[in-house]
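First comes the structure, then the notes that go with it.
The values are calculated or read from the model by the stated rules, or taken from the named source; none is laboratory data. None of these values were measured; they are calculated from a predicted model. Positions of Cβ are generated from backbone atoms using ideal geometry, with glycine treated the same way; all protein chains shown enter the neighbour counts.
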Amino acid sequence: MKDYDEATRFLGQWGRFQQIVFFLLCASIFPNGFGAFSLVFLTDIPDHRCTVPEVNLTQDWHKAIIPIKVVNGNQELSRCSRYRLDVVGNLSALGLVPGRDVNLTDLEQEACVDGWSYGRDIYQSTVVSEFDLVCVDQWKQPFTSTIYFLGVLVGSFFSGQLSDRFGRKPIFFATMAIQTLFTFAAIFSPSWTVFCILLFISGLGQISNYVSAFVLGTEILTGHVRVLFSSMGVSLAFAFGYMMLPLFAYFLRDCRSLLLALSLPGLLYLPLWWFIPESPRWLLSQGKYQEAEAILREAAKRNKLQAPHLIFDDHNIDADKTQMQPKERLIVFNLLKSGNIRSTTLILCMVWFTLSTGYFGLSLNTSRLHANPYISCFISAAVEVCQNSIALEMLGKFGLTTGTALMFAYTAELYPTVLRNTATGTCTTVSRVGSCIAPFLLQLSMFFKYLPYITLGTLAVASAFATLFLPESFGRPLPQTIQQMHRRESVTFPCIKRKERSKAVVLFESQL
């Protein structure tokens with residue numbers, strides 16, 4: 001059978017059909033942009049201190065009941081303790097003045113037994129203030145983000161395999177529905193436990209529909225349009241969605257209202273089912289030639305073109321079915337079966353892990369970079385679109401963003417159609433391990449201020465060196481079979497001389 005790109009050359013690259021697929025798939029990425037980092041605002045820790053109930057205290061004792069502590073060389077009111085209320089009440093009743101008649105350092109302190117009072121100058125409420133995730137329960141604040149990314153991890157792992165088995169389109173819409181419904185359900189969470197369960201399920205669809213949309217567009221589009229979509233289209237759509245997040249959060253400062261705003265846009269994408277087709281490449285890999293031809297003929301009508309009488313060669317269909325559908329069902333373990341695929345997979349997983357750890361570590365840290373978290377978040381999102389950085393951290397974020405965008409395109413180009421979504425899903429699964437530990441990685445600054453950045457920098461250098469051992473995919477057609485993937489040659493360096501071998505060279509194109 002002819003190469004897919006050659007067989008579909010009659011469609012052109014930028015007709016009405018390709019334009020619809022390109023822009024609708026990019027539009028479907030928008031909710032991922034503002035959904036992935038909503039935790040920056042949902043789980044931010046507002047200013048807080050112990051609640052002092054209405055008791056008969058003098059004005060001086062009302063001001064002095066919260067101890068003053070030195071944090072990083074600055075004096076701050078304690079967030080997790082107060083002087084014992086009964087003792088302070090007796091001293092106030094005796095008419096004693098704090099600091100003059102009573103040495104405050106000698107007074108016994110107690111925990112916030114009556115709860116906390118939260119500042120409302122930035123947020124009306126967050127998940128932290130709703131469920132009191134402070135002081136002894138402060139570990140729940142970063143763990144909330146980790147639970148969400150664990151959901152993303154599980155979703156990435158299974159959605160990739162399901163997509164290769166049942167198709168790109170059904171998994172794309174199913175994961176989008178999961179993300180929308182359970183984000184909406186989280187609004188009504190009565191407790192932190194319930195919220196985390198719903199957040200985990202919402203995470204199942206968060207990146208899964210992104211990966212499905214990415215692979216779907218990569219396989220439908222051809223030529224330079226495919227490169228434009230995979231390297232810039234989805235990345236810009238994600239970045240613009242990310243830039244909308246601080247705008248929503250600024251006007252909706254209540255966490256439940258923000259969740260509602262994040263879930264509603266998902267309903268707008270339901271009609272896309274009738275406009276976005278299944279991947280013809282995937283249909284061909286499953287031997288469904290008639291369905292693939294039907295999609296291509298409909299695409300020709302939209303482009304106002306005449307499809308050829310015979311799109312695929314009938315005399316090679318039976319042989320191609322044997323090649324495209326081996327007796328053994330391809331699963332995630334096929335990514336480790338042979339030495340060539342195994343080395344490619346392990347290196348890619350290492351790079352994905354590094355990029356995700358750094359990307360989410362810096363992104364989740366944006367609320368601490370500026371007194372106004374909305375400004376910090378917008379700058380962090382804008383740096384994904386342009387190259388103007390205002391600080392070293394934003395420059396690092398730009399590099400990680402660029403690397404992530406390229407890795408999506410690179411991974412999809414390395415693996416064959418029968419394993420493409422499984423491979424992409426597996427790599428993103430490993431990357432989610434990095435995003436799961438990112439909230440806790442930031443806590444390393446308590447031991448040494450620059451330790452998180454040293455850790456991320458070391459991982460980045462090691463991963464950059466490992467990529468030198470990956471094969472090149474530039475200018476080559478997408479592989480359809482594992483055999484075609486095996487024949488890809490590693491990138492060569494002009495400064496390195498290799499010994500000539502008499503073994504014959506088999507070109508990748510000759511196998512199509």
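Out of all the residues in region 129-143, is one or more at negative phi, in contact with a Leu (Cβ under 7 Å, 6 or more places away or on another chain) and touching a residue at least 24 places away in the same chain (Cβ under 8 Å)?
Initially, region 129-143 is screened for residues at negative phi, giving 129-131, 133-134, 136-143.
If we keep only those that are in contact with a Leu (Cβ under 7 Å, 6 or more places away or on another chain) as well, we get 140-141.
Narrowing the set further to residues that are touching a residue at least 24 places away in the same chain (Cβ under 8 Å) leaves 140-141.
Yes, the conditions are met somewhere in region 129-143.
In the condition set (1) touching a residue at least 12 places away in the same chain (Cβ under 8 Å); (2) of a type outside the set (D, E, K, R); (3) in a loop (DSSP other than H, G, I, E, B), Leu91 is compliant with all but (3). Every condition in (1) modelled with pLDDT of 80 or more; (2) buried (at least 21 other Cβ atoms within 10 Å of the Cβ); (3) among the hydroxyl-bearing types (Ser, Thr, Tyr) is met by Ser435 except one, and the failing one is (1). Which of the residues belonging to region 266-308 are buried (at least 19 other Cβ atoms within 10 Å of the Cβ) and either closer than 16 Å to Ser28 by Cα or among the β-branched types (Val, Ile, Thr) (or both)? Within region 266-308, Gly266, Tyr269, Ile276, Pro277, Glu278 meet the criteria. Here Leu268, Leu259, Leu305 are screened, and the one residue that is in contact (Cβ under 8 Å) with a residue 60 or more places away in the chain and assigned to a helix (DSSP H, G or I) is Leu259. Against the criterion of being β-branched (Val, Ile, Thr), in contact (Cβ under 8 Å) with a residue 40 or more places away in the chain and outside any helix (DSSP H, G or I), Ile171 does not qualify.
If you go through region 146-184 and pick out every residue that is surrounded by 24 or more Cβ atoms within 10 Å (Cβ to Cβ) and either among the β-branched types (Val, Ile, Thr) or touching a strand residue (DSSP E or B) at 6+ places or on another chain (Cβ under 8 Å) (or both), you end up with 5. Scanning region 19-76 for residues that are charged (D, E, K, R) and under 22 Å from the mean Cα position of the chain (by Cα) returns a single hit, Asp44.
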